1. Just for the range 18-46: of the residues that are hydrophobic (A, V, I, L, M, F, W, C) and surrounded by 19 or more Cβ atoms within 10 Å (Cβ to Cβ), which one is farthest from V83 (Cα to Cα)?
2. Among the residues of the range 63-104, which ones are farther than 28 Å from Q139 by Cβ and among the hydrophobic types (A, V, I, L, M, F, W, C)?
3. For the range 258-296, enumerate the residues that are within 15 Å of A395 (Cα to Cα) and of a type in the set (A, V, I, L, M, F, W, C).
4. Scan the range 87-98 and tell me whether some residue there is in a helix (DSSP H, G or I) and either over 24 Å from T14 (Cα atoms) or polar (S, T, N, Q) (or both).
5. Among V265, V173, V220, V237, which is the only one that is out of contact with any Pro (no Cβ under 8 Å at 6 or more places or on another chain), outside any helix (DSSP H, G or I), modelled with pLDDT of 90 or more and not charged (D, E, K, R)?
6. Kindly indicate whether any position in the range 329-340 is within 20 Å of G273 (Cα to Cα) and free of Cβ contacts under 8 Å to residues at least 40 places away in the same chain.
7. Out of (1) surrounded by fewer than 17 Cβ atoms within 10 Å (Cβ to Cβ); (2) at pLDDT 95 or above, the odd one out for A318 is which?
8. Restricting attention to the range 21-47, and to residues there that are among the hydroxyl-bearing types (S, T, Y) and modelled with pLDDT of 90 or more, which single residue is nearest to A156 (Cα to Cα)?
Amino acid sequence: MPLANTTDRYGGVTKTFHWLTALLILSAFPLGFLGANTSHQIAQASGAEQAALLERAATIFSLHKTLGVLAFLTAALRLIWAVIQPHPGLLHGDRKAEALAASTAHWLLYATMLLTPLAGWLHHSATSGFAPILWPFGQALPFVPQSERVAHLFGAAHELLQWVLLGTIAAHVAGALKHHIIDRDDTLRRMLPRRRVAAQASARQPGHAAPALAALAILVVAFGIGAANGSFAARGVPEGAETASAPQAGAGNWQAQEGSIGLTVVQFDQSVGGTFGNFTADITFDDTVSEGESGHVRVAIPIPSLTLGSVTPQALAADYFDAEAHPEAVYEGTLFTTAEGHEARGTLTLKGIEQPVNFPFDLSIEGDQATMAASFTLHRKDFGIGAAVPGSTVAEDVEVSLDLTATR
């Protein structure tokens, strides 16, 4: 079979791209719908059942995303090949309305075969956590910020485009079957593998401008409908997702000005970073003490202010932080100055469970301004967080990072 196209026949490369793209896209669709259905079941489950559903959903979505990326790359190569190759004309280009519809469908197919997986890829890159792409080249695209709002925007675009793509595929298949069964021409046969069908195109063809504009109009209308329905509104994006933690000043001789309390969990071997949107810090500290007890600290953290990438709803659910029943975590401890530096020794109350937590911290004081930083590891099961979730799904060690600027 000749590899290149001619004016009346598709070559082997075009046929391969056509059927490979179709296979990838038609495989990704059911995986996406199955993954979404499994995700809905997660919210209704608990304990070991929820952990199993979470792992199943991650596997399904990982396959869906991987096939989507492959479909995008294949579609891009297919488009490049189509640009440099002659394109066999329509067999019935003289049927004006039918030819316009067919060409419009082709333009829509090319557009949505590229835009649908690209929007999904951008959504994946803008968020963190849950269902990695199964390849060794990293999970993030350059110049795409880690942002829940950006992720929501591209996620909505991906969902909208998938319906346009699905409808276009249905129209394309229906047209091919119509040519094969009713018209009994070679439109379908000349795209079949191992068939060397050279069919004479009609002298009249629809051109490119009108079908391209028609395809663009369909996309604009689809996005307009989506916008009118609120698909792109920022609903469901956790408040505080776009801003750093905002500490509130409490009692004590040092007043918190800015800072963050962050945590990093490892889910399915991928790091997921999160932060608490605000907290209140009561700090008493005597910087004249050279050794021994030098102060006291009490930090209250609203658990519902947590954002943790795409898994925020699961993290706040009953099996994890249980934000509804335990809306606040409190760390209360004594500050010590030693020859080696500074240390906090105290108790963390989280999800109604108290555990001793001691950690060293770096401290720098210039005049009436102090900056501190610390990082340490907590064991999530010590606080009953994800007790039924195995370490292979979510690592049991959670890294905590603290940064704070305070004034005297």
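The values are calculated or read from the model by the stated rules, or taken from the named source; none is laboratory data. If you're wondering where the values come from, they're calculated on a predicted model, not measured in any experiment. All Cβ positions, glycine included, derive from the backbone under ideal geometry; neighbour counts span all protein chains shown.
1. Within the range 18-46, the subset hydrophobic (A, V, I, L, M, F, W, C) is 19-20, 22-26, 28-29, 31, 33-34, 36, 42-43, 45.
Keeping just the survivors that are surrounded by 19 or more Cβ atoms within 10 Å (Cβ to Cβ) gives 24-25, 28, 31, 42.
On the way: L24: 22, I25: 21, A28: 26, L31: 31, I42: 45 Å.
By that ranking, first place goes to I42.
2. Quick first cut of the range 63-104, residues farther than 28 Å from Q139 by Cβ only: 81-104.
Once the filter is applied, which keeps residues that are farther than 28 Å from Q139 by Cβ and among the hydrophobic types (A, V, I, L, M, F, W, C), the range 63-104 yields W81, A82, V83, I84, L90, L91, A97, A99, L100, A101, A102.
3. Within the range 258-296, L263, V265, V266, F268, V272 qualify.
4. Here is the first cut: in the range 87-98, the residues in a helix (DSSP H, G or I) are 96-98.
Next cut, either over 24 Å from T14 (Cα atoms) or polar (S, T, N, Q) (or both) only: 96-97.
Checked against the condition, which is being in a helix (DSSP H, G or I) and either over 24 Å from T14 (Cα atoms) or polar (S, T, N, Q) (or both), the range 87-98 yields at least one hit.
5. On the way: V173 fails: outside any helix (DSSP H, G or I); V220 fails: outside any helix (DSSP H, G or I); V237 fails: modelled with pLDDT of 90 or more.
Step by step, each of V265, V173, V220, V237 is checked, and only V265 is out of contact with any Pro (no Cβ under 8 Å at 6 or more places or on another chain), outside any helix (DSSP H, G or I), modelled with pLDDT of 90 or more and not charged (D, E, K, R).
6. If we filter the range 329-340 for residues that are within 20 Å of G273 (Cα to Cα), which is where we start, we get 329.
Going one step further and asking which of them are free of Cβ contacts under 8 Å to residues at least 40 places away in the same chain, we end up with 329.
Yes.
7. (2)
8. Taking the range 21-47 first, the residues among the hydroxyl-bearing types (S, T, Y) are 21, 27, 38-39, 46.
Right, trim to modelled with pLDDT of 90 or more and you get 21, 27, 38.
Working: T21: 23, S27: 21, T38: 19 Å.
Among them, the one singled out is T38.
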